[in-house]
Structures are given as structure tokens and as C-alpha cells.
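For reference, the structure is listed below as C-alpha cells.
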Amino acid sequence: MSAAEPDPEGTTLSIAGPERTVLRALQAAGPMAIEEEALPGLTGLPPDQIRGALQRLRSKRLAAVEELHRSEPSLTPRGRAALTDRLPERRLLDLLRTAGPAGLPITDLPAAGFSEEERSAAIGRLRRAGYLEGTSPLRLKDSAESGPAKLPEEAVLEAIERGEPEFDAGTFRQLERRGLVQTERLTMKRWTATDEGRRLPLEAPEQLVGALTPELLVGGRWRELKFRPYDVRSSPPHRLSPRPHPYAAWLEEFEEVLVGLGFQQAEGPLLETEFWNADVLFMPQDHPARSIHDALTVEGAPEIPPPSPLVERVAAAHEGRPLPDRNEPLSRGWSERYDPAVARRPVLRSQTTAVSARFLAGRPRPPFRMFSIDRNFRREEVDARHHLEFTQCEGVLGEEGVSIRHVVGMFRELGEAIGVRDLKLRPSYFPFTEPSIEGYVRHPALGWIEVFPGGLLRPEVLVPLGVEVPVAAWGIGIARLAMVALGINDIRELYDDDYDRLRGGHR
């Protein structure tokens, strides 16, 4: 239902049912503003209907809005868990107080429930706070035995949980870097009826028709009805159009940059074998270097034997034997015997370098440029920088004369293309590249983070695949790079499914 009301200028306004209900609530409040969140309780209307009615009243100059912005600290899910399960440094402190003067060997901490990350973090924080003396076994200083009952980090977490406005800002920033607290930007809307809105009479509405249907025309009933006036000043209903997830949209932009640089895109399977995921890349089958990629095995998946001619060449490279078409071995290889049974094992792909291996196995004609942006999976401790699932941008550049300078130039060009100019490079080690480098970019909250690992593929990788030109390769941690470009402090936010946050709405 709606009512036609004359406004002070003599024109006619159309006030629909929800608008009438909301305006009546604003009129009852007089000059006092009402928070938008309070209107559902005052009117009995759902929030979506209220928002639409308020916007229409505003377009008719019957209601006015005031927006108040504020920042509010809150605990993240990890922060709430830390309050329940206790911080690692608190658990270690209590453990050492129980151990007494004898102390506790560092090697005993895993049995006490400490992961490697928790162990390192707890020891480092207690040492910086002046609680520990010596190195091993871990012992508390005499002053720490009777120290404060509550750590500064615990005090801040509890203050935020209770909603207290006062707490130590420095400790809050430390907890924010650890992903335990966050600052939420909130917007509060307060509404009042304008002078015109307060003067507008709201008598019992009469029945008005808002649409002329074919049935009304054919039957002639339109002559007996009153129609709602059309308000040309009224704004149309706001409709949120579909749009891609911010991270997905950013990845598409990055793809366009690489295509513009002359790279062709390739894809590979998520369910890989140890052969393509590691063996082809000259990663030893039983060696600490394999732990760099802590792959997830897949139970019940069928084993897939690698191509027999290629597996013979890869096995020869691993064992330090001459390849079938060569008289001399490529290198001394690895100490253990190559096991074809390991090569057949199915794993979730832990690096998109497997896509590069498959691409190079096709013996592309040089010069060639290839990239792949796709998902990978590793057994990781999830935190602000690590996730079980992550996106990697793999790339290879093969032609005569390619050197490590091409890798450096590519890293700088990709960084500048997305607005990242703070880049530090240093030598590094990877099993399948030599020389190798890694690049770091500055994140405003997390500091310097590694995003650009790369180098020149070793002959033990290229020769078994039949590639005769030097090849530069890299596996960019594009998820971390997106965190810098999108201003995100926690890698888990890249996979955010909070509808209000994604659409840019207010909570």
C-alpha cells in the first residue's frame, strides 16, 4: 500500500508501506537521531527492507543520515583460542616454574605439546622479556619465579575480550602481527526525519495501484482505480551486481601482465605423482631437501607409472650414471638408489614447478616463455603467512643467453607492474636451480616476506627432459604478493567468504 501526500512545494510524494512505517518511527523520535540497527526493533521490519525504505526517504528529502566511523579492536579466532588454550609463552613459563632450578631440555618440549613454531616463539618471547637464563636446559631467572601473575600479552587479550578501551598499544601491535587481534573499521548510520519529513501528515493510507497490468486494461478496471503518482526524484532501488572475489580479480590482472610480457599459460593436474612433483626436478627421493615440500599423500588414488624412456633418464641423473645417449654422467647424483615405486606414488601437487616439468618434457622450441598460476597443497601450520592451500605463479624462460640477470629483471618488472618497488634479493638454495636467488618485498604489517624464489634450472633437470638451452625458472608466492598489493595482513583473508566484508558493506 502507498499514500500520495502533498509536500511543502505543492508536488505529490508517493509514500510506500515500509517507508510510511519507518518515517513514522523517525517522526516519533523528533529531532533525536536513531541508529539504523535499532529500527528493526522499532518497526518490526527486516533490515533489508528498512535500508531500502531509508534510501527512498532520503531521496525524497524526508530523512537525513549521519555516518559515524570508528575503529574497534577485537580478537581473531586464533586470539580467542589463545585465551582458552593459553599462549605458548604462558604454557612454557608455567612448565619451567614447575621444573624448578633443574630446568627443562628443549628436546622435551614436543612431548609437552609444543609444535616447532610454538616452541621457537615461546622461547624467543620469554627470552626477550628477560625470563630465561642460559640456553639449554631452559631455566627461569630467580626474578621470573616471583614475576607478575599475568603476561602483558594476556592482559591485552583479556582487556579486548571484556571490551575495555584502555590497553597497551605496543603490545596490541605485537599481537596484531601474530594474528591474534585485529582492528575492525565500523560505520554507524544515524537517521532523523528532516523538517519536511516531520511535517508530513501520515493518515491512514488509501489503496493505490502501482502497476498497469494487461488484465486491468482488457477488463477496463483501470478506470475505477487510483494510481500511485510517479516520483521522478526518487532513486531506483539499489542492486548489488555480481563481481569476482577480490583475490580472483587480482590474479586475473597478474595473468594479464604475464601475457603482455609474451608468456603463454599452461596447466597441470592437482593430483600429481612423486615423479612429476619432485623426481624430474632432481629432488632426491630420500633426503632432507625433500622436506622443503611437505606433500600430502592421497589414500586410495591409483598409482600412475611415469613414461618409461623418461624415467630411465631421470633415474640415471639421480644415481650419477651416464644417460642412455651420453658417455659421461651429468654429476655424482645422489647417494641412494632411485626407486621407481616411489615415483608412482600419488600426491597433491606441492608446487607448480610440476607444471613446468611437464611443459619442458614436451620439448618446446626455443625461445619459449610459459607461466602457470594455480593451487598447491602442503602440510603447513596455518598462520598469517602460511596456509594448507596456496597459489603459486610458476614461470620458465628458455633461450640462448639466459642468465640469472634475466630472473632478477623479471622479478623487478613484475613487482613494478603491480606497484611493489621495495625489493631485496639474496642468494639461496633450491635442489633444482643453480644459481638460485630469493626476493623479499616489504609488507606494512609483516615486514619483509619472501615472494620471489627462482634461478637457472640445473642440467640434471634439463638434459633428461631433452632441453638444450638454458632455462630460467621461478615459483612466485603470489598469495603473499597479493597480501602486499591488496593491503591484507593475514593470508587467510584471501579466502574470505564473509559477504558483508566482500561487498564493502558495514557491520
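What follows is calculated from the coordinates using simple rules that are stated; it is not laboratory data. Computed from a predicted structure; not experimentally measured. So basically every Cβ, Gly included, is an ideal-geometry build from the backbone, and we count neighbours across all protein chains shown.
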Assuming R0 = 51 Å, what is the FRET efficiency of residue 389 and residue 212, from their Cβ-Cβ distance, to the nearest 0.05? 0.40
For residue 424, give me every one of the aspartates and glutamates with a C-alpha distance below 14 angstrom, ignoring sequence neighbours fewer than eight places off in its own chain. 413, 416, 438, 450
Considering the dipole of the chain built from charges on the beta carbon (Lys and Arg +1, Asp and Glu -1) around the Cα centre, which of 351, 396, 246 is farthest to its positive end? 246
Taking Cα pairs under 8 Å and at least six residues apart, what relative contact order does the chain come out at, in percent? 13 percent
How much net charge surrounds residue 442 when only the other residues with a Cβ under 10 Å from the Cβ of residue 442 are counted, with Lys and Arg +1 and Asp and Glu -1? +1
Using Cα-Cα distances under 8 Å and only pairs 6 or more residues apart, what relative contact order does region 77-178 have, in percent? 27 percent
Of all DSSP beta bridges in the chain, antiparallel share, percent nearest 5: 95 percent
Electrostatic dipole magnitude of region 77-178 [Cβ: Lys, Arg +1; Asp, Glu -1; Cα centre; debye, to 20]: 180 debye
Hey, which aspartates and glutamates would be in cross-link range of residue 141, C-alpha to C-alpha under 18 Å, not counting anything within fewer than 8 residues on its own chain? 89, 94, 133
Computed helical MRE - 222 nm, the chain, DSSP H runs ≥ 4 contributing -39500 (n - 2.57), nearest 500: -10000 deg cm²/dmol
Matching label for the computed Kirkwood radius over Cα pairs in Å, out of [x] 24.9; [y] 28.7; [z] 22.4, is [y]
Folded to 0 to 90 degrees: helix 246-260 orientation relative to the chain principal axis, Cα: 50 degrees
Checked against the positive end of the charge dipole of the chain (+1 on Cβ of Lys and Arg, -1 on Cβ of Asp and Glu, about the Cα centre), the farthest of 261, 41, 120 is 41
Measuring from the longest principal axis of the C-alpha atoms of the chain, the long axis of helix 17-29 (C-alpha) lies at a number of degrees, nearest 10, equal to 80 degrees
So how strong a dipole does the chain carry about its Cα centre when Lys and Arg Cβ are +1 and Asp and Glu Cβ are -1, to the nearest 20 debye? 720 debye
Within region 169-194, whose backbone N sits under 16 Å from a point 7 Å along Cα→Cβ of residue 83? 172, 175-176, 179-184
What does the extension gain come out to for residue 294 and residue 425, with contour length at 0.36 nm per residue minus their alpha carbon separation? 44.7 nm
